[in-house]
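Q: Questions regarding the structure given below will be posed in turn.
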Amino acid sequence: MSKETIPAPPEGYRPNVGILLFDMRGLVWVGKRRGFNGQHAWQAPQGGIDRDEDVETAALRELGEETGIGTGLVSIIGHTTDWLTYDFPPEMQRGKFRRNKGQAQIWYALRFLGSDRDVKLNAHKQVEFDAWRWERLEALPELVVPFKRDVYTRIVQDFGHLAAA
């Protein structure tokens, strides 16, 4: 999948990718955001798409940066074809997020072919997560911050069939 095969993201939204990493049991990888605590500190890997970067490359790059998992340890098993969007809450619409009202995401589903030893949260200089675990897909919407919940509900619907490994 490349930029040419999907429409441009909605105006005002930062182009972004999300990654659901399924293990062989059908559970998904979630990380606890570094410096955050509480029930809503968890999420799947995600990140921005660099200029002139195709969406698939961005997804694999973000996975590596945030989890330390290399491309040889995953296989692509699905992706969304539409942009899924969420708006930033007012307190986030300052600072680095001031130019965008939210994020538009293409989500990738990947099958993890490695072992838990292959996860290295400090593999990148900017560490995103300070803990991780395998979780049931349907639990994700209750683990994320409320402003992302609709997107997570949608990916549970779109990728639910993949959870049955």
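The values are calculated or read from the model by the stated rules, or taken from the named source; none is laboratory data. Model, not experiment: these values are computed from the prediction. With ideal geometry, Cβ positions are generated from the backbone for all residues, glycine too; neighbour counts draw on all protein chains shown.
Q: Could you check how many residues of region 65-83 are outside any helix (DSSP H, G or I) and either surrounded by 18 or more Cβ atoms within 10 Å (Cβ to Cβ) or not aliphatic (A, V, I, L, M) (or both)?
A: 11
Q: Which of the residues belonging to region 81-91 are at pLDDT below 95 and either basic (K, R) or closer than 18 Å to A59 by Cβ (or both)?
A: Across region 81-91, the qualifying residues are T81, D82.
Q: Identify, please: which residue in region 92-113 is more than 24 Å from T57 (Cβ to Cβ) and surrounded by 15 or more Cβ atoms within 10 Å (Cβ to Cβ) and is, among those, modelled with the lowest pLDDT?
A: M92
Q: Out of all the residues in region 153-165, which are in contact (Cβ under 8 Å) with a residue 60 or more places away in the chain and either farther than 21 Å from L73 by Cα or assigned to a loop (DSSP other than H, G, I, E, B) (or both)?
A: Within region 153-165, R154, I155, D158, A163, A164, A165 meet the criteria.
Q: Within region 21-29, can one find any residue that is within 13 Å of the chain's Cα centre (by Cα), surrounded by 20 or more Cβ atoms within 10 Å (Cβ to Cβ) and either part of a loop (DSSP other than H, G, I, E, B) or at pLDDT below 95 (or both)?
A: no
Q: What about G48, is it in contact with a helix residue (DSSP H, G or I) (Cβ under 9 Å, 6 or more places away or on another chain) and over 21 Å from E142 (Cβ atoms)?
A: So G48 fits the description; yes.
Q: Taking region 128-142 only, how many residues are crowded, with 17+ Cβ neighbours inside 10 Å, touching a residue at least 24 places away in the same chain (Cβ under 8 Å) and farther than 13 Å from F22 by Cβ?
A: Adding up the residues that qualify gives 3.
Q: Within region 46-64, is there a residue that is modelled with pLDDT of 95 or more, part of a helix (DSSP H, G or I) and in contact with an Asp or Glu (Cβ under 8 Å, 6 or more places away or on another chain)?
A: yes
Q: Which condition number does R34 fail, the rest of (1) within 12 Å of Y108 (Cα to Cα); (2) loosely packed, with under 15 Cβ neighbours inside 10 Å; (3) in contact with a strand residue (DSSP E or B) (Cβ under 7 Å, 6 or more places away or on another chain) being met?
A: Of everything listed in (1) within 12 Å of Y108 (Cα to Cα); (2) loosely packed, with under 15 Cβ neighbours inside 10 Å; (3) in contact with a strand residue (DSSP E or B) (Cβ under 7 Å, 6 or more places away or on another chain), R34 misses just condition (1).
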